[in-house]
Every structure is written in C-alpha cells, then in structure tokens.
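One structure is given here, and the rest of the page talks about it.
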Amino acid sequence: MAHARIVALDAGGALDRPGVVAVYTAADLDLPPVPAGMPGIPESMFRPVLAQDVVRFVGEPVAVVLTEERYQGEDAAEAVFVDYEPLPTVVDPETALAGGTLLFPDHGTNVATDFREPLDEHFFDDCEVVVRQRVINQRVAPCPLEVRSGMASWGADGRLTQWLSTQAPHSAKDALAGLFALAADQVRVIAPDVGGGFGAKIGPYPEDLVVAWSARAQGRPVRWTETRSESMLGLVHGRGQIQDIAIGGNRDGQVLAYRIDVLQDAGAYPAVGAYLPMLTKLMAPGTYAIPKVSASACAVVTNTTSIGAYRGAGRPEATAAIERAMDLFAAEIGADPAQVRRQNLVSKDFFPYTTATGFTYDIGDYMGALDLALEASDYAGLRAEQARRRAEGGPCQMGIGVSTYVEITNGLPDAGEFAVVEVLPTGTARVYTGSSPHGQGHVTAWSMLASEQLGIPMEDIEVVANDTDLVASGGGTMGSRSLQAGGLAVHEASMTLVDEARQLAAELLEANPDDVVLDKIEGRFHVAGTPAVARSWAEVASAAEERGGLRVEHKSSPSGPTFPFGAHVAVVEVDTETGQARLRRLVAVDDAGTILNPLLAEGQRHGGLAQGVAQALLEEVRYDADGNPVTSNLADYAMISATELPSFELVSMATPTPVNALGAKGIGESGTIGSTPAVQSAVVDAVAHLGVRHIDMPASPQRVWQVLQDSASHKGSE
Amino acid sequence: MNVSMHVNGERREYDVEPRTLLVHYLRDVVGLTGTNIGCDTSSCGACTVLVGGESVKSCTMLAVQADGCQITTIEGLADGDQMHPMQEAFREHHGLQCGYCTPGMVMAAVSLLVEHPDPTETEVREGLEGNLCRCTGYHNIVKAVLAAAQTPLASAV
Amino acid sequence: MIPAAFDYRRAQSVDEAVGLLTEHGEDAKLLAGGHSLLPLMKLRLAAPSVLVDIGRLSDLSYVRANGDTVAIGALTRHRDLEISSVLHEHVPLLAHVAGQVGDPQVRHRGTIGGSLAHGDPASDLPAACLALGATFTMVGPQGEREIEAADFFQGFLETALGPDEVLTEIRVPKADGAGWSFQKFNRRAQDWAIVGVAAVAGSRPGIGLVNMGSVPLRATAVEAALAAGASASEAAAHAADGLDPPEDLNASPEYRRHLVRVLVRRALEEAGAA
C-alpha cells in the first residue's frame, strides 16, 4: 500500500515458524524518527525507523522478522499480516503541490522545501523570440550491483561494530552514535568491499538502524541483505523533476533571458533529494553567459520512494534543462545548435566567472571543449551524412546531439578531507584516508600521490580506508570530491612528512636541514652534492621511533568547489517506423583539470556516460496511479546493458584549476551530466525534419513513435 | 537431501534443502563467496559460474540439479598465484571498478570465448547481454575480453 | 528470492515422471532447465509442493533428421538447437530463434520443451513452432498422443499438456531452402520481445507472433492474405486484425498493433514470402 493507516499488525503466525527469533515493529523499537539531515525540513516529515501508524510508500518497512537462517525469513515474513485502511494516494508532484491529500497533515502542506522565486512579468520583454517547454527529468534508480547489506554486533563492553555497504562510514558512525547515545569511540563502522553506491549509499538507512537495534536487543550479531526487489523500493531513487523552462533572445542567436521552474518530487520522506533543486537553480545557466537568469524550485512529498543524491545530484537536471532550452531556441530561430551554443558560451577570458545565479566558476574553456568535441566527431561530416539520409528519405534516420556542460564538484560545506601519512621503520609507507573508495581506485591514486612526494615505490605504500577504528575521520566518497579533497590531503601530508623527515635526517647527517635533500628516485636523504652519504627512509623512520614515529595527520582545506566542464556529441539512429533509437557514437570531452591517473579517470567517465545514456534512452522508475511501483526488479527496470552502448570516444582536455595544488577537479559525475542531454538532443534531432521539437526521456520506442504520430497528425490538420 | 559435486576440482558433499539455490550452496555451504548475487529475476549475471564448462546463472539452478556436476567458480580460475588470462586481461584493461559484477562477468566471458574464440566487438557485447555492470559502462570490459581473445588459453578452465 | 519449500524427486525415465505426476497431482511440477519455473518460484508466484526433475533424461535431448521432418527431443537445450547442423540445414529459423532466447547462460540450461510447456505468449520458441507447423508428442498415463502446435496453446500459460503428462518430442517439417525471418523487437538484448514475428516461406508458409495476445499466435489474417496473392506490405496491413494485444510497461495495445504490422512486413520481405 502506498498510503494507508496501519489498523492492525498480526505477527503471531510468524513467531511459530521455524527458526524465528523475534518479530519487531515500531512499537518495540525505542528509536526516534530519522532526521532528514537537510536544513529546513520539518520534524513532522522525518521518517520513523519502522512505519508507525501510517505507511507512506510501497517498500516502507513495517516489521522486521529475525530468523536463525536466511531461508527461514521469507517463509516467516509471509505469516505477518497487516491490516491497512487505505488513504488517498498522491503520486504526481503537481497533485501533491495542490495539496488535496496531505502526507503529513500536521505540517499542513506537501511542500518540503521551498526555493521559489516569482517571475518578473517583464522578464522577456526585450526578447524577439521566447520559447517555452515543459520538460520531464524522470525518476531513475541508481542500481548498484550490490544491494544493501550489513551486520551489527555489540561487544560485551557495549561497543557497537557495524559492517555496512556504505559510501560514508564515518557519517554512519556519527548517526549510530547519536541514535544510541554512545560516545564516538563506542561505535566502529567498517565498509568492506562495497559493490557500488552512486550516491544511494551515503547515509545509513532506517533498516541499518533496525539491524543495530535488533542486535542489541538480542545480544547477538544480526545481519541483513536485502533482495533486489526490496532494493528497487528501499534504496533512494534519483532525479524526479518537472521543469518548466522558458528561454528568450534575439533572432541573431543571442540568448538574453532564461527562466526555469522546478517541481521536485521528494518522495515520501524528504531527505537530500528535497534539497537538490537548489543546486539545479544555482547551476541553471550552465556554460552560458546569459544576462538574466531566474530560477525557482520547490520539493513536494509524494507516496513514493525518497529521492536521493544519485550521480550528478541536481546538476544533470540543470544541464538537461538548459541544453533543451538552447536546442529549442536554435530550432525556433532556425540556427545550428552548435553555433548557437558557441555564440552564448562564457568566454575563457572571463574566469573566475560569477553567474547570474551566484556561483563563481573557477576556470573553464567551454568553447575549447565544444570545438574539440565537434572536431573529434567530424560534426560537419555528420551533418552531411544526415542531410544525405534525409534526402533519401529511408526509415532509418540519423540524429546528432551536442551538449556543453559545467558542473560543481566538492560543493559540500566541509570541502576538506582527512589523511594520515606515515613511514615505518621498514621504510614502507602507510596512508590513511577519510575517503571511502568503492571502485574509484584510491589505493592506486593515493599511493601515486604519496609516492611522488616520498620517493617510496607504490608497491611499498599501503592505503587504509573504510574502517572508522583505523581512520579517525572522513567525509566519505561522493560529490566527486575525493581527489581534490582526499587526494589533496594525502599530497599535502606527504609533503609535510618529507619536511619533518628531512629535519631528522639532517640531525642524523649532522648537517643543516636547508642543505639536506630527498633523492626521490633512491628514497634517501643526503646533503646536496654529497649523495654517497645518505640516510634511507627506513633509517630515518627507525630513528624517529622513540619520538613517536614519522607520521603526519592532516586535513586539507580547499578554498571551495571546482567546476569541471565539457562537451559531448551523440550520434543516434532512429528507426522512424518503430520509434527505436540506437546510440551509435558518443564523443566526450570532459575537462576535470589535471589528470592524476588516466586509466582511473577514463573509467569514471565511461561509467558516468553509460548512466547518462541510460536516462536518455532506457531507464525510468514508474508507479501506477495507486502508488504501486511497476519497475521494481531488473527485468522490468531497463537497466542499461552492453548491447545498448557503443565503445565511447573520449577526448582529453585538462585545464588545471587554481583552487588546489593538484590542479584537479572532480570527474565522477561529469559523464552522466553531459551525455544525457546530448543523447536526448540527438533523438529529437533525428526526427526534427518531421516536425518534432521535443521528446521527453526516456526516449523509448513507444514515446518516439507517439511523438511522430502526434507530429504527423498535427501537420495533417494544418 | 544429499548433494555432491566437484567444485573447482574438489569433491564437495553436503546435506541441503531441495530448494537451496546453487548460488547459496556455493556461497554459504561450500564457503566460496566470490560468486555474488545482484538480483532476483535472473537478469544481472553476477552469479554466473561454469557448469560443465558452460556459463550458468547459479541463482537460477537448484543445488540438487547440479548434483554430480563439475562446477567452476571464480576461485577456480587462477592457478595458485598465477591469474587466469581472462583475469589478467580485466586487470590490465581496468575492466572492473567496484568489482561486484566481475566474478560473473569473467566467468561469462570465459564461456563466451569457448564458443566464440575470436569475437567481434558486437559479438562480445551480445555475448555479455546477460551480465549487468553499473560502474564501467562496459567499455573496458569489452576491451578486456577482446584482448583476452588474442591470448592463448583465455578460454581454458 | 527464496522459493517456498518443496519435495524433490528425480525421474529416471519418462514413465517414472508420469507416475510421479499422477501420484502427486496438481501439486507437482516438472523441472527441466528450470528457467521458466525457478524464476517464478523465487518470486513465490509459483509454489509447487513437489518438483519432478526430468533434467537428466538425456534420451530426450536430440535433433534428428527423419524423412521429411526433423525430430527434436523436448529436453534439447536452446544452445544445442542454436548450433545444430541438422537444424541449420533443414530448419534454420528454429536454430536462429533458439539463439535469441534470453542470454547465453539461459540458453545453456533452458529447454525447448520447458519453453513450450510453459506457453508464455511472450516466448520466442512457441511462435516459431506455430510458424513451422510443428507437432508435439506428449506422454501420459494413457500413453502417447500428438497434437498440432496450433491446438497446443489454449489460454494464458495454459497448454494442452495435462498435469500428468510429459512433452517428449517436437517434430517440424523440413524447410530446406525456404526463406525465413525472425523479427524480435525489444529494449535490451536480454529482454523478452515487446513484439516478435517468426516467419517461414516456401511450400508451407507460416507466421507466428510473439506477445500479441494471451497465447502464442499464428498470424492467420496475414497468411490468408498471402494465400490470396497479397504483397508483403498488403498482407502485413492485416497483421493486427482480430487481435487483442496486451498493455504493459513497454507498449500500449495501439503501439503493439502498429509494431506487428511493421515487423510482419519486414519479416515477409526478408523471408521472400510474398
């Protein structure tokens, strides 16, 4: 049930089933609701750890059944009967905004966050042309291959150890400590190999809290692994915006004004998803120097799964909207979409650049990125091929989509990250990082950074992460922050360590510290000019032992976020008889500043591109009118596979950022942000000559076919 | 009931419920946790193992159906410290990030090369249609499999 | 994720399987490759209390040319059909369709008999068998009987196979040199067809439809038009006549009707069937 009152819950039958240890409901747990963790969300909208009196989305847990063995659980759960009194269901955000049915009657409205701005009625007065469009940025599911899983164990000393599939073990630790009123050192969270997160595993979920509570209540370790079907309902979803865009300018191609109105679906219990439209607002103008930008947003609750910070988190939505707007504007004035972009991009000479919405972009060369992408894709050749196919009039038509994007990385208030670098008497090094790698390759990357400063080979450097007992603090890995915050911390700590070691080496060499250098190739300290008399790292570290060792603890403090940017070109083929769109090529320029490890950076781009393409062409979480999810497994939810994707064409571009010593921005989300609009644009472009101006995502065969039907009948009636 | 099979060359015999899925038998009973579970609709392929040298989704097979069979899991590919050529290709070409889909992907790829020793890119993508990955965008997985195809013994188990 | 508990019996012969089915009645289901049944059981959409495993009856796995037909054992796996040289020579449509079912892992386990007995209108092989005018052999307590594919699929997931019968053989007429085509329209390669069309030309033309109704269907209106001399596109215009296609996530009935017309036309053109 998507929205119902719990009239009665009968677990009696379950208690008799084999292996059942206990059945708990909200009445048994003495736990407060989970804070939303975002400013401005009222307490009345906090999510209870288990549904209490009312369920507000399909998938909200109402009871937990503990069994000795895994197989017994599903049998026993079938014997838990819940008597529901249905309440009216609200699935559509506009209906939620109208407020006929309230999810939280005490709150008096379904609005969770409100960033609305009125629109000046004269906003577009100076524009020769104004184009308006409603755009749907549809709800998608992050689908990490590993679903949520964890185990909690309480020691005799009252200490909680919890293993969690999480991107942020320290945040989980803080949440658990707070919940159980424990001192910070009474909780240990370990994130073992985590099978993907994509922003969906940032905070501990209520289920994780229930696991910890159950373990304490039972005095035995408790573990939980959800099924994929449960995960499709219980793991946060992404995106979910209804956008009304309006773009105005002159017929010569200059854009003068842009307005976006965002209605964000927050899901039933608002969390970070309710806040993302603020980022959409701030990133609204994208790469363009638009004189007047007005952005308005609010988030409403609906009887659906909560929306979270899925890869891109507010920025893909902004980019998709402005890129749609640019294409529509270009179509209206009959200009080439690449040309219109070039005409309106912020010039590279104007950085740092403060946008009309108040963000200051650090450094960018948007025209350079666009030119690179157009050249690498042979844009002129593609247009010629397209013209030829249109002239031939065959059923398989070609579309070309161009996008330019800029996005914000490391944008959280605490932009720094924690690291410890130490060298042991063995001459090997150990790095402790507060980042939380789960496939990003931080062990390799941080080893590279430390090795570069220390002159110790990478294979002699160990990187420790993901255990709050071993790493004192950390922000976790999300928001494309790890290199510019975490890597920076390792880099800086390593440099400081070299300085300290040099001081000690000078003592050992009986020399002036200013005269002592570190030979990074040999890994030895010597007086400049006298390499034969040296002290190895092992010797220096051994000497340091009685003084507490060679060890630096450090938190980086970058001055602020960075703004990676790029341009993508997508080539699709649309079978105009069936509406089926196939991606043939994806050319991507992604500038994230100085690249530390090309292989790792490319991997991040590939993964992001695939998810971006998936949103444009395939994936969508759907609910029926009663709030029942209809895409809640991997057979029904069209999670993208290898057969829908080509190999990607990555173009290198690296404009170092002045924001940090590494010159590095984040790259984790760029691929997703640039590719979605490029592919959507390409599908529209493929059938633009048939009178089509817009197709919503995903551009499924039926949707494309329907648009073609509507366009043909519209023409026919003229 | 009693179920026995050869897993990575070693005979294993246990008493299990008939409804025990092969993937749970391998993970929870035999104790080989390299094979992963990613879905419940036979869609993702993370659970792929070899049964008689052919790729099978071990979540869609009962342990009792595999009674008497030769099973190869990801743990059975390497020869001591020496990685199997397919594993080596995945490592070299960065064909994994979080690594969760990887055991199933590698097993499916090994089986693919048995049946298509010199595949085109399209044949690799189609051959991996039953294996989902979220991290890599498949780009480097395809590269790894194509590279492995040029390596001797890449389809040997 | 976990099936409900059941008793497991392994049949050493078809007769033993029939005996076990008779003994346990409606509570028992046959298990072959398990790739239709186990997914349902894992989601608890099916919960038989007895599974009769016939997966080891290797005598039922064969592809044999036999006069002017090809005989296929019901337990022949999709993979074996895909690579069968006998099928490639005599009934290439069937080899190709078997190679389109699911994904390689599914094809290593799933059997043609299992697919036919399940009778899902969204499955590929039933449509191909309809197009080819296949005959099915079933064995029950009363002995052996045969049925035409056209009469086999009787309702949604309901076939002529009795609860105490085992499908043992599929026979298809040879179609050496006959044009053929299989149009499988789906989102992702591993997906079920949104709509599919199996067509064979030659002396015994036939067209089978995937996912255009509650049962696997023959495109009788198209076949009639072809017999009356229509061209491919003329005949294809009738592809949706009299049909009530389902509505689901991927397609409305209207879109399915449109798709089947396009796909039938393409199938007929590729098969050279007009």
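The values are calculated or read from the model by the stated rules, or taken from the named source; none is laboratory data. A quick note: this is a predicted structure, and the numbers were derived from the prediction, not measured. Heads up, the Cβs are rebuilt from the backbone with ideal geometry, glycines too, and the neighbour counts pull from every protein chain shown.
Which condition number in (1) more than 13 Å from chain B (Cβ to nearest Cβ); (2) under 20 Å from the mean Cα position of the chain (by Cα); (3) of a type in the set (Gly, Ala, Ser) is the one that C:Gly110 fails?
(1)
Mind checking which residues of segment A:665-718 are buried (at least 23 other Cβ atoms within 10 Å of the Cβ), of a type in the set (Gly, Ala, Ser) and within 14 Å of chain C (Cβ to nearest Cβ)?
A:Ala699, A:Ser700
Looking only at segment B:27-41, count every residue that is among the hydroxyl-bearing types (Ser, Thr, Tyr) and more than 8 Å from chain A (Cβ to nearest Cβ) and tell me the total.
Residues in segment B:27-41 being among the hydroxyl-bearing types (Ser, Thr, Tyr) and more than 8 Å from chain A (Cβ to nearest Cβ): 2 in total.
If C:Ser214 passes every condition in (1) in a strand (DSSP E or B); (2) under 24 Å from C:Gln154 (Cα atoms) but one, which one does it miss?
Tallying (1) in a strand (DSSP E or B); (2) under 24 Å from C:Gln154 (Cα atoms), C:Ser214 fails exactly one: (1).
Take segment A:441-459 and flag every residue that is assigned to a helix (DSSP H, G or I) and touching a Gly at 6+ places or on another chain (Cβ under 8 Å).
A:His442, A:Ala445, A:Trp446, A:Leu449, A:Leu454
If the Cβ limit is 7 Å and pairs must be 6+ apart or interchain, which residue in segment A:621-648 that is in a helix (DSSP H, G or I) pairs with which residue that is small (Gly, Ala, Ser)?
A:Thr643/C:Ala189
Which residue is surrounded by the fewest Cβ atoms within 10 Å (Cβ to Cβ), if the candidates are limited to segment C:71-120 and must be aliphatic (A, V, I, L, M) and closer than 21 Å to B:Val114 by Cβ?
Within segment C:71-120, the subset aliphatic (A, V, I, L, M) is C:71-72, C:74-75, C:81, C:83, C:86-87, C:91, C:93-95, C:97-98, C:101, C:106, C:112, C:116-117.
So of that shortlist, the ones also closer than 21 Å to B:Val114 by Cβ come out as C:81, C:83, C:87, C:95, C:98, C:101, C:106.
On the way: C:Leu81: 25, C:Ile83: 14, C:Leu87: 24, C:Ala95: 22, C:Ala98: 26, C:Val101: 22, C:Val106: 25.
Looking at the filtered set, the residue picked out is C:Ile83.
Rundown of residues vs (1) surrounded by fewer than 23 Cβ atoms within 10 Å (Cβ to Cβ); (2) assigned by TED's automatic domain parsing to the domain that holds A:Val683; (3) within 21 Å of the chain's Cα centre (by Cα); (4) more than 19 Å from A:Tyr623 (Cβ to Cβ), yes/no style:
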{"residue": "A:Asp252", "(1), (2), (3), (4)": "yes, no, no, yes"}
{"residue": "A:Ala266", "(1), (2), (3), (4)": "no, no, yes, no"}
{"residue": "A:Gly286", "(1), (2), (3), (4)": "no, no, yes, yes"}
{"residue": "A:Thr304", "(1), (2), (3), (4)": "no, no, yes, no"}
{"residue": "A:Arg315", "(1), (2), (3), (4)": "no, no, yes, yes"}
{"residue": "A:Asp327", "(1), (2), (3), (4)": "no, no, no, yes"}
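Testing A:Leu374 on (1) out of contact with any helix residue (DSSP H, G or I) (no Cβ under 7 Å at 6 or more places or on another chain); (2) in contact (Cβ under 8 Å) with a residue 24 or more places away in the chain, one condition comes back false. Which one is that?
For A:Leu374, the failing item is (1).
Is it the case that segment C:149-167 has a residue that's in a helix (DSSP H, G or I), surrounded by fewer than 24 Cβ atoms within 10 Å (Cβ to Cβ), of a type in the set (A, V, I, L, M) and modelled with pLDDT of 95 or more?
Yes, the conditions are met somewhere in segment C:149-167.
For the condition among the β-branched types (Val, Ile, Thr) and under 29 Å from A:Asp244 (Cβ atoms), what is the one hit in A:Val58, A:Val64?
One residue alone meets the criteria, A:Val58.
Kindly state which helices (runs of 4 or more DSSP H) lie completely within segment A:336-437 and contain at least 3 residues that are buried (at least 21 other Cβ atoms within 10 Å of the Cβ). Even if it seems obvious, please write down each step before you answer.
Details: elements: A:337-344, A:366-377, A:379-392.
Answer list for segment A:336-437: A:337-344, A:366-377.
I'd like to know if segment C:217-236 contains one or more residues that are of a type in the set (Val, Ile, Thr) and within 26 Å of B:Thr41 (Cα to Cα).
No: zero hits.
With respect to A:Leu282, is the statement that it is modelled with pLDDT of 95 or more and either under 18 Å from A:Gly479 (Cβ atoms) or β-branched (Val, Ile, Thr) (or both) true?
So A:Leu282 fits the description; yes.
Of the conditions (1) without any contact (Cβ under 8 Å) to a residue 40 or more places away in the chain; (2) of a type in the set (D, E, K, R); (3) outside the structural domain of C:Thr137 (by TED's automatic domain parsing), C:Arg44 satisfies every one except a single condition; which number is it?
Going through the list (1) without any contact (Cβ under 8 Å) to a residue 40 or more places away in the chain; (2) of a type in the set (D, E, K, R); (3) outside the structural domain of C:Thr137 (by TED's automatic domain parsing), C:Arg44 breaks only (1).
Here is a check on your reading of the model: is A:Met448 closer than 30 Å to C:Val262 by Cβ and in contact (Cβ under 8 Å) with a residue 12 or more places away in the chain?
Numbers: closer than 30 Å to C:Val262 by Cβ: no; in contact (Cβ under 8 Å) with a residue 12 or more places away in the chain: yes.
No.
Which members of segment A:480-513 meet the condition of being surrounded by 24 or more Cβ atoms within 10 Å (Cβ to Cβ) and in a loop (DSSP other than H, G, I, E, B)?
Hits for segment A:480-513 are A:Ser480, A:Arg481.
Considering only residues that are farther than 21 Å from A:Pro18 by Cβ, without any contact (Cβ under 8 Å) to a residue 40 or more places away in the chain and within 13 Å of chain C (Cβ to nearest Cβ), which ones fall in segment B:2-26?
Within segment B:2-26, B:Val23 is the sole residue that qualifies.
Quick check on C:Val264: is it assigned to a loop (DSSP other than H, G, I, E, B) and under 20 Å from C:Leu94 (Cβ atoms)? Before you say what the answer is, go through the steps one by one.
Details: assigned to a loop (DSSP other than H, G, I, E, B): no; under 20 Å from C:Leu94 (Cβ atoms): yes.
No.
List every residue pair whose Cβ atoms lie under 9 Å apart, where the two residues are 6 or more positions apart in sequence or sit on different chains, the first residue falls within segment A:336-349 and is farther than 13 Å from A:Gly286 by Cα, and the second residue, located anywhere, is surrounded by fewer than 18 Cβ atoms within 10 Å (Cβ to Cβ) and aromatic (Phe, Trp, Tyr).
Sorted first by the residue in segment A:336-349, then by its partner, the list stays empty.
If you check B:Arg125 against the conditions, is it under 16 Å from A:Leu645 (Cβ atoms), surrounded by fewer than 24 Cβ atoms within 10 Å (Cβ to Cβ) and among the basic types (Lys, Arg)?
Yes.
Is there any pair with a first residue in segment C:121-143 that is touching a residue at least 24 places away in the same chain (Cβ under 8 Å) and of a type in the set (Lys, Arg) and a second that is assigned to a strand (DSSP E or B) and surrounded by fewer than 24 Cβ atoms within 10 Å (Cβ to Cβ) whose Cβ atoms are under 6 Å apart and which are 6 or more apart or on different chains, and what are they?
No pair meets every condition.
Any idea which of A:Ala581, A:Ala567 is in contact with a Lys or Arg (Cβ under 9 Å, 6 or more places away or on another chain), closer than 30 Å to A:Asp685 by Cβ and buried (at least 18 other Cβ atoms within 10 Å of the Cβ)?
Exactly one residue qualifies, and that residue is A:Ala567.
Run C:Leu209 past the list (1) closer than 23 Å to B:Ser42 by Cβ; (2) crowded, with 22+ Cβ neighbours inside 10 Å and report the number of the one that doesn't hold.
Against the list (1) closer than 23 Å to B:Ser42 by Cβ; (2) crowded, with 22+ Cβ neighbours inside 10 Å, C:Leu209 comes up short only on (1).
Could you grab the pairs with beta carbons closer than 6 Å, sequence gap of 6+ or different chains, first residue in segment C:145-169 and among the polar types (S, T, N, Q), second one in a strand (DSSP E or B)?
Note: pairs meeting the criteria are C:Thr159/C:Phe153; C:Thr168/C:Thr137; C:Thr168/C:Val139.
Only one of (1) more than 14 Å from chain B (Cβ to nearest Cβ); (2) among the aliphatic types (A, V, I, L, M); (3) part of a helix (DSSP H, G or I); (4) in contact with a strand residue (DSSP E or B) (Cβ under 7 Å, 6 or more places away or on another chain) is not met by A:Leu233, so which one is it?
Going through (1) more than 14 Å from chain B (Cβ to nearest Cβ); (2) among the aliphatic types (A, V, I, L, M); (3) part of a helix (DSSP H, G or I); (4) in contact with a strand residue (DSSP E or B) (Cβ under 7 Å, 6 or more places away or on another chain) one by one, A:Leu233 breaks only (1).
Can A:Arg223 be described as part of a strand (DSSP E or B), out of contact with any Asp or Glu (no Cβ under 7 Å at 6 or more places or on another chain) and of a type in the set (Lys, Arg)? Write out each step before concluding.
Working: part of a strand (DSSP E or B): yes; out of contact with any Asp or Glu (no Cβ under 7 Å at 6 or more places or on another chain): yes; of a type in the set (Lys, Arg): yes.
So A:Arg223 passes the test.
What about C:Asp7, is it of a type in the set (D, E, K, R), more than 10 Å from chain B (Cβ to nearest Cβ), without any contact (Cβ under 8 Å) to a residue 60 or more places away in the chain and surrounded by fewer than 21 Cβ atoms within 10 Å (Cβ to Cβ)?
Against the criterion (of a type in the set (D, E, K, R), more than 10 Å from chain B (Cβ to nearest Cβ), without any contact (Cβ under 8 Å) to a residue 60 or more places away in the chain and surrounded by fewer than 21 Cβ atoms within 10 Å (Cβ to Cβ)), C:Asp7 does not qualify.
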